[in-house]
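Student: One structure coming up, written as structure tokens, with questions to follow.
The values are calculated or read from the model by the stated rules, or taken from the named source; none is laboratory data. Remember, it's a predicted structure, so these values are computed and weren't measured experimentally. Positions of Cβ are generated from backbone atoms using ideal geometry, with glycine treated the same way; all protein chains shown enter the neighbour counts. For accessibility, only protein heavy atoms count, side chains too; no ligands or nucleic acids. Shrake-Rupley method; radii C 1.70, N 1.55, O 1.52, S 1.80 Å.
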Amino acid sequence: ENVVFGYTPEKTILHGISLAAKPGQTIGLVGPNGAGKTTIINLLMRFYDNYEGDILVDGHNVKELSLEYYRSKIGYVQQEPMMFSDTIYNNIAYGHPDAHVEEVIHAADIANAHEFIAKQPDGYDSMLGERGIGLSGGERQRISIARAVLKNPALLIFDEATASVDSETENLIQEAIERLIKGRTTLMIAHRLSTLRKANKIIVVDQGRIIENGTHEELMALKGKYYKLVEIQSMSEKIRQSKEAENFN
């Protein structure tokens with residue numbers, strides 16, 4: 001509600017941001033680089049508390065909630081997942097160390113990760129290097145999604161979860177995300193706008209302000225900023241596909 005924030009007092013990043021999500025809704029956040037999308041997520045995660053305005057969850061001001069309790073209710077999947085020099089099993093169970101083996105495997109299965117884990121030399125006991133060395137970007141991302149599945153959060157946040165993977169891996173990740181978000185309140189920053197077509201509401205942010213909001217269909221009919229972003233991305237995708245076809249031939 002009317003959130004104003006800057007990382008330094010001299011420069012305001014967010015100018016009176018107001019948005020609402022109903023329980024179980026998926027809200028998409030889109031806009032150019034530097035628009036303020038990740039800053040909104042950073043405030044929702046309570047990485048910073050020095051903002052004007054209010055952030056409320058179920059009517060409770062998040063500043064008045066225990067930080068440990070509040071964060072225990074959030075599943076956070078980043079563009080670059082946080083991985084540890086430990087086994088794949090422990091990387092998945094990080095947020096829920098008391099989980100049973102069956103729960104960890106079930107979470108990996110939902111995240112489309114079980115198949116590639118089973119092919120590792122030591123399966124779930126395979127050791128990863130620092131930052132997940134030994135796995136591809138898409139595999140690390142699916143481990144991160146499995147971790148979120150196991151945590152069973154009330155609120156899910158995705159920060160460009162499919163930005164740096166190929167289209168085949170993106171489809172596997174997208175399948176996993178769709179399974180995970182059912183019945184959960186979800187905020188999703190998406191690099192590929194096609195992933196937001198099913199969102200209940202899409203918020204378009206530019207220069208720290210919300211300039212458009214609505215469903216995919218409503219925003220396409222508006223023919224504003226969102227429409228232009230989709231058109232540019234569709235054009236880029238067609239060029240990429242034609243180049244791939246040329247290379248294949």
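Student: Given the chain, what percent of its DSSP beta bridges are antiparallel, to the nearest 5?
Tutor: 40
Student: What are the semi-axes of the equivalent ellipsoid of segment 20-154, taken as the square roots of 5 times the eigenvalues of the Cα gyration tensor, listed largest first and rounded to whole Å?
Tutor: Values: eigenvalues 187, 57, 37 Å².
So the three semi-axes of segment 20-154 are 31, 17, 14 Å.
Student: When the solvent-accessible surface of protein heavy atoms is calculated with a 1.4 angstrom probe, in what order do Val101, Val230 fall, highest first?
Tutor: Working: Val101 80, Val230 15 Å².
Highest to lowest solvent-accessible surface, that is Val101, Val230.
Student: Sorted by accessible area with a 1.4 angstrom probe, largest first, how do Tyr124, Tyr48, Tyr70, Tyr94 fall? Numbers along the way, then the final one.
Tutor: Numbers: Tyr124 30, Tyr48 85, Tyr70 10, Tyr94 135 Å².
If we order Tyr124, Tyr48, Tyr70, Tyr94 from most to least accessible, we get Tyr94, Tyr48, Tyr124, Tyr70.
Student: Would you grab the residues whose amide H sits under 5 Å from the one on Gln79? Only those 5+ places off in sequence or on another chain, please, with H modelled 1.01 Å from N.
Tutor: So Gln79 has HN proximity to Asp159.
Student: In terms of solvent-accessible area of protein heavy atoms at a 1.4 angstrom probe, what is the ranking of Phe116, Phe84, highest value first?
Tutor: So the residues, ranked largest to smallest area, are Phe84, Phe116.
Student: With charges set only on the Cβ (+1 for Lys and Arg, -1 for Asp and Glu), what does the dipole of segment 54-213 come to about its Cα centre, in debye to the nearest 20? Walk me through the intermediate numbers first.
Tutor: Numbers: 17 positive and 24 negative charges, 103 e Å.
Rounded to the nearest 20 debye, it is 500 debye.
Student: Counting pairwise Cα distances across the chain, what percent come out greater than 21 angstrom?
Tutor: 61
Student: What's the longest uninterrupted piece of the chain once you rule out the trypsin sites (Lys or Arg not before Pro) that are loop residues per DSSP with at most 16 other Cβ within 10 Å?
Tutor: After excluding every exposed loop site, the longest remaining stretch is 120-181.
Student: Related question: Subtracting the Cα-Cα distance from 0.36 nm times the residue separation, let me have the gained length for Thr8 to Lys22 in nm, one decimal.
Tutor: 1.9 nm
Student: In addition: Quick one, could you list the DSSP H helices from the chain stretching 20 Å or more along their long axis (Cα atoms) with average Kyte-Doolittle hydropathy of -1.0 or above?
Tutor: Long hydrophobic helices here: 137-151, 167-181.
Student: A further question on this structure: Reachable aspartates and glutamates from Lys228, Cα under 20 Å, same-chain residues fewer than 8 places away excluded?
Tutor: Glu160, Asp206, Glu212, Glu217, Glu218, Glu237
Student: Could you sort out which of Lys151/Lys198; Lys119/Lys201; Lys22/Lys119; Lys73/Lys238 sit more than 32 Å apart by Cα distance in this structure?
Tutor: Details: Lys151/Lys198 24 Å; Lys119/Lys201 39 Å; Lys22/Lys119 41 Å; Lys73/Lys238 40 Å.
Too far apart for the 32 Å limit: Lys119/Lys201; Lys22/Lys119; Lys73/Lys238.
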